[in-house]
Every structure is written in structure tokens, then in C-alpha cells.
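The values are calculated or read from the model by the stated rules, or taken from the named source; none is laboratory data. Predicted model only: the values in this text are computed from it and were never measured. Because the Cβ atoms are built from the backbone with ideal geometry, glycine has one as well, and the counts that use them run over all protein chains shown. Remember, those area values only see protein heavy atoms, side chains included, never the ligands or the DNA or RNA. Shrake-Rupley method; radii C 1.70, N 1.55, O 1.52, S 1.80 Å.
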Amino acid sequence: MGASIVKEYDVIIIGGGVIGCSIAYELAKQHKQVAVLEQGEISSGASRAAAGILGAQAEIDEEGPLLQFALSSRELFKNRVNELREVTGIDAELIEKGVLKVATTEDGLEELKRKFSTYKKWDPSVEWLTTSELKKREKMLSSIIKGGISLPNDGQLNAFKYTKALAYGTAVYGGDLYEHCHVSQIIEENGCVKGVTTSQGTFATSSVVVTTGAWTSKLLPYVTEKKVYPVKGECMLLKSNKPILKHTIYTPEAFYIVPKAGGKLLVGATRTPHTFDRDVTFGGMSKLFEKAKELIPELSHSVFLKSWTGLRPQTDDGWPYLGESPYMKGCFLAYGHYRNGILLSAKTGELMRDLINGTQPKEHFFNAFSPERAYSLKGG
Ligand code: FAD
Ligand code: GLY
């Protein structure tokens with residue numbers, strides 16, 4: 001490896017978002033020597049922008065491996081958030097009051113009616129609600145809402161605090177966090193990982209985990225922007241002096257209003273694919289204002305606090321890539337969690353920990369996310 005080595009680790013995680021920090025936390029708990037290398041600050045990518053909805057059912061309405069993955073991950077949050085509070089003192093503000101998925105159009109209503117049986121099959125506590133039943137649960141909802149579904153087991157948390165807690169938890173268990181440390185190359189010899197070249201020098205390791213989200217195609221030469229690409233999302237935060245909501249409100253068009261601590265309401269989100277631009281736009285904000293006002297007219301009187309954007313890591317087939325690279329032994333991949341990286345992070349941490357430790361995860365859905373499906377030597 002030529003250059004002098006800064007330090008050697010059992011495992012190096014590239015990327016300090018929720019996925020990298022979750023895997024690092026699981027490995028550090030097992031006393032692995034682990035480092036997280038982040039080009040900006042911990043949780044400065046998509047994980048900072050996220051609304052924090054644990055929307056296994058609100059977001060995923062088709063049966064299959066992704067729904068199984070999501071449901072199994074959602075189950076882990078209560079214990080994980082409690083554990084992180086004890087280990088780090090950071091409260092990730094988990095709220096388990098459920099999601100109301102509501103339609104404001106006839107098309108939206110038809111879609112919800114079609115999907116209802118799938119929801120119910122996976123979770124008998126799911127209920128169909130008429131407009132008046134919805135308004136009994138949330139009296140500020142607009143009367144133009146045509147009906148909806150109660151998803152009582154979908155929760156939400158503060159994604160930024162949760163990611164920070166995972167990072168600090170990693171440090172509590174002896175892991176190292178490097179910020180402003182850009183990884184330019186994974187060093188390989190005879191098909192095996194040997195280390196990484198970074199803006200802070202060369203680190204040695206036989207295992208790296210690539211958790212670089214929307215930026216993955218910039219690091220891995222065989223991953224093109226066709227396979228993983230950014231989908232920009234814009235959000236805003238409002239504050240109301242009156243109590244407005246208890247449940248998260250989610251529409252079939254994937255707009256949402258999430259009630260946060262202290263009377264704050266997070267409104268999201270737009271979707272603009274194939275751009276690394278992170279500006280907040282007038283058009284994006286207008287859409288969110290219109291949608292928020294349509295769902296809850298009272299929000300016109302709320303105070304606008306702030307707005308922001310983030311880049312969701314989307315993949316060519318919409319599923320994340322989890323597994324060892326077919327090209328390089330010791331190069332593990334965990335990217336492409338698109339709209340659900342916060343939700344999927346808990347199970348991703350456990351699955352990747354086991355794989356890195358040499359144990360094939362027993363969860364039957366895991367193989368569906370294998371990188372082999374994309375890199376079947378057809379040339380990225
Ligand atoms: P990121 O958080 O983007 O982390 C990747 C990190 O890698 C970045 O910090 C980046 O700086 C770093 N990096 C990249 N290249 C390098 C390099 N070469 N060297 C060093 N570091 C590098 N998900 C949910 O589950 N629920 C939600 O409610 C939700 N809401 C969302 C709302 C918005 C507006 C957006 C944008 C996303 C939302 N998501 C949500 C999706 C979720 O945020 C992502 O799926 C998740 O954050 C992806 O995590 P990650 O760690 O893969 O990526
Ligand atoms: N999961 C919410 C979003 O991606 O906007």
C-alpha cells in the first residue's frame with residue numbers, strides 16, 4: 001500500500017449517514033475496531049433531511065421482500081431508541097401514535113380502497129375510516145378529505161437525533177468517527193480490500209462498508225448513476241400555537257405532515273430525480289404550502305420556521321443493495337434505501353453486522369437485495 005498508514009481498523013464504514021452509523025453501532029457493540037469516515041459532518045446527507053416516518057405500511061403497499069424487511073425493521077425501534085438513550089443520553093423522540101393515510105381525490109380514494117386488503121392482511125389492527133371518523137381522530141383535518149386508513153403501528157422519530165445517537169453510541173463503544181474525511185478510493189490487492197485513501201491519509205483494513213447513499217456512483221467505478229441516483233426532496237417546518245395533530249398524515253401522492261415535539265409540524269416532500277442540486281425552490285415550497293393548507297386549513301395561521309432539502313439514494317429497481325461486492329472480497333455494500341432509509345436502518349445494521357462477521361443472515365428476504373442482481377457482469 002505504499003503510503004504511510006494513519007491507523008488500521010477491523011472495519012471501515014464510508015459515509016456517516018443513518019445506514020453507516022447503524023452498522024458501525026452494531027459492530028462497535030461487539031468490540032470490533034470500527035471507524036466511520038464522513039466527507040462532511042455526521043448526518044449531513046439524506047439522514048439529516050428525513051421526516052423520520054417509520055412508515056412500513058404508509059410507504060410500502062406491495063407484498064414482498066421490501067415490506068417484510070420494513071416490518072421487521074420497524075419492530076426494532078422501541079428497544080433501540082431506549083437503548084441509545086441509555087448509552088448516549090440522546091433521545092431520538094420516538095412517537096408511536098400511528099399514521100392516517102388519507103385521500104383528497106377520487107383517484108387517491110380508489111387507490112387506498114384497492115390497497116386496504118394488503119394492509120389488513122399484514123396487520124389486522126389497520127382500519128378503514130370515513131371522513132367523519134377521520135375528523136373524530138383529528139378534528140383539524142379538512143372536510144375535503146374523502147376517507148382513509150388508520151395505520152396504528154407506523155411511528156416516527158427525529159431522524160437527525162437518531163443518527164447522531166447511533167454515531168455517539170459507536171464512539172461510546174470505542175469506535176472512531178472522522179468528519180471532513182473524503183474517501184477517494186478503496187485500495188485493493190488481488191481482489192481483496194486492503195484499505196482506503198482519504199483526504200486525511202491512508203487507512204488500512206480488510207473490510208470496508210460502502211454507505212455513501214446518493215453519492216455511491218462517485219466512489220465505486222462500476223456503479224453508474226443509472227444504478228444509484230439522487231432524488232432531491234424539499235421539506236419545511238411550521239409551528240402552531242394551537243394543538244393541530246397527533247397522528248402523522250400521509251397521502252397516496254406521498255405528501256405528509258408529521259407532528260414533532262414542541263408544536264412543530266414537518267411538511268414534506270417534493271421529488272426531483274437526477275440532480276445533486278440542494279437549493280430550496282419557490283416551486284417546491286409552493287407545492288408544500290398548497291398541500292398543507294388543503295389537508296389542514298388552520299395551518300395558514302402557523303409560523304414558517306425553516307426549509308431544507310436532501311438527496312434520497314434511489315436505485316434502478318427501487319430496492320437497496322445489501323451484501324458483499326462480487327468484484328472485491330471484503331467490500332460490503334449497503335446503499336440505495338431511497339425513501340425509507342431511517343425505517344430500514346435498524347434491520348440493515350443487524351443484517352450487515354452478521355454478514356461482515358461471516359454469518360449469512362437467516363432472514364429469507366435478505367437475498368432479494370443482493371448486489372449480484374445488478375452486477376451480474378453485464379457492465380454496471
Ligand atoms: P446519507 O444520509 O445520505 O449518508 C451518506 C453519507 O455518505 C453522506 O453523509 C455523505 O456525505 C457521505 N459520503 C458520500 N460519499 C463519501 C465519500 N466518498 N467519503 C466519505 N463520505 C462520503 N426515510 C425514512 O425512513 N423515513 C422518512 O420519513 C424519510 N423522509 C425523507 C425525507 C426527505 C426529504 C429525504 C431527502 C429523505 C427521506 N428519507 C426518509 C430517506 C432517508 O433519509 C434515506 O433513505 C437515508 O437517510 C439514507 O441513509 P444513507 O446513510 O444511505 O445516506
Ligand atoms: N419517506 C419520506 C420521503 O422520502 O420523503
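Residues of the range 94-124 being open to solvent by less than 60 Å² (accessible area, probe 1.4 Å) and either at pLDDT below 95 or over 30 Å from residue 79 (Cα atoms) (or both), which ones?
Matches in the range 94-124: 103, 104, 105, 108, 109, 111, 112, 115, 116, 118, 119, 123.
Given the structure, is residue 55 in contact with an Asp or Glu (Cβ under 8 Å, 6 or more places away or on another chain), within 7 Å of ligand 1 (Cβ to nearest atom) and under 17 Å from residue 165 (Cα atoms)?
Considered against the rule, which asks whether it is in contact with an Asp or Glu (Cβ under 8 Å, 6 or more places away or on another chain), within 7 Å of ligand 1 (Cβ to nearest atom) and under 17 Å from residue 165 (Cα atoms), residue 55 comes out as no.
Quick test of your reading of the structure: residue 81 fulfils all but one of (1) assigned to a helix (DSSP H, G or I); (2) modelled with pLDDT of 95 or more; (3) away from ligand 1 (no atom under 16 Å from the Cβ); (4) not charged (D, E, K, R). Name the failing condition by number.
So the condition that residue 81 fails would be (3).
Right, residue 336: small (Gly, Ala, Ser), over 26 Å from residue 141 (Cα atoms), within 16 Å of ligand 2 (Cβ to nearest atom) and surrounded by 19 or more Cβ atoms within 10 Å (Cβ to Cβ) or not?
Criteria met by residue 336.
Whether any residue in the range 75-84 is among the aliphatic types (A, V, I, L, M), over 21 Å from residue 165 (Cα atoms), more than 13 Å from the chain's Cα centre (by Cα) and open to solvent by less than 30 Å² (accessible area, probe 1.4 Å) is what I want to check.
no
Please enumerate the residues belonging to the range 324-357 that are among the aromatic types (Phe, Trp, Tyr) and part of a loop (DSSP other than H, G, I, E, B).
Once the filter is applied, which keeps residues that are among the aromatic types (Phe, Trp, Tyr) and part of a loop (DSSP other than H, G, I, E, B), the range 324-357 yields only 327.
Can you tell me which residues in the range 53-74 are within 15 Å of ligand 2 (Cβ to nearest atom) and in a loop (DSSP other than H, G, I, E, B)?
Matches in the range 53-74: 55, 60, 61.
Can you tell me which residue in the range 32-48 is nearest to residue 199 (Cα to Cα), limited to those that are surrounded by fewer than 24 Cβ atoms within 10 Å (Cβ to Cβ) and near ligand 1 (Cβ under 6 Å from one of its atoms)?
This residue is 39.
Scan (1) over 24 Å from residue 221 (Cβ atoms); (2) away from ligand 2 (no atom under 16 Å from the Cβ); (3) open to solvent by less than 20 Å² (accessible area, probe 1.4 Å); (4) small (Gly, Ala, Ser) for the single condition residue 323 breaks and write down its number.
(1)
Look at the range 230-259 and say how many of its residues are farther than 14 Å from residue 99 by Cβ and open to solvent by 30 Å² or more (accessible area, probe 1.4 Å).
So the answer is 5.
Just checking, which of 53, 60 is over 13 Å from the mean Cα position of the chain (by Cα) and under 30 Å from residue 252 (Cα atoms)?
Selected residue: 60, the only one of 53, 60 that is over 13 Å from the mean Cα position of the chain (by Cα) and under 30 Å from residue 252 (Cα atoms).
Anything in the range 185-200 that is open to solvent by less than 30 Å² (accessible area, probe 1.4 Å), closer than 14 Å to residue 9 by Cα and either of a type outside the set (Val, Ile, Thr) or assigned to a loop (DSSP other than H, G, I, E, B) (or both)? List them, or say none.
Answer for the range 185-200, where residues must be open to solvent by less than 30 Å² (accessible area, probe 1.4 Å), closer than 14 Å to residue 9 by Cα and either of a type outside the set (Val, Ile, Thr) or assigned to a loop (DSSP other than H, G, I, E, B) (or both): just 195.
Going residue by residue through the range 218-235, is there one that turns out to be over 30 Å from residue 266 (Cα atoms), in a helix (DSSP H, G or I) and either free of Cβ contacts under 8 Å to residues at least 24 places away in the same chain or out of contact with any Ser or Thr (no Cβ under 9 Å at 6 or more places or on another chain) (or both)?
Yes, the conditions are met somewhere in the range 218-235.
Determine whether the range 268-280 contains at least one residue that is outside any loop (DSSP other than H, G, I, E, B), at pLDDT 95 or above, crowded, with 20+ Cβ neighbours inside 10 Å and of a type in the set (Val, Ile, Thr).
So far as the range 268-280 goes, no, none of its residues is outside any loop (DSSP other than H, G, I, E, B), at pLDDT 95 or above, crowded, with 20+ Cβ neighbours inside 10 Å and of a type in the set (Val, Ile, Thr).
Given the residues 309, 348, which is the only one that is β-branched (Val, Ile, Thr) and closer than 24 Å to residue 192 by Cα?
On inspection, the qualifying residue turns out to be 348.
For the range 230-265, enumerate the residues that are out of contact with any Gly (no Cβ under 8 Å at 6 or more places or on another chain) and within 11 Å of ligand 2 (Cβ to nearest atom).
231, 254, listed by residue number.
How about the range 284-308: which of its residues are outside any helix (DSSP H, G or I) and open to solvent by 10 Å² or more (accessible area, probe 1.4 Å)?
302, 303, 304, 305, 306, 307, 308
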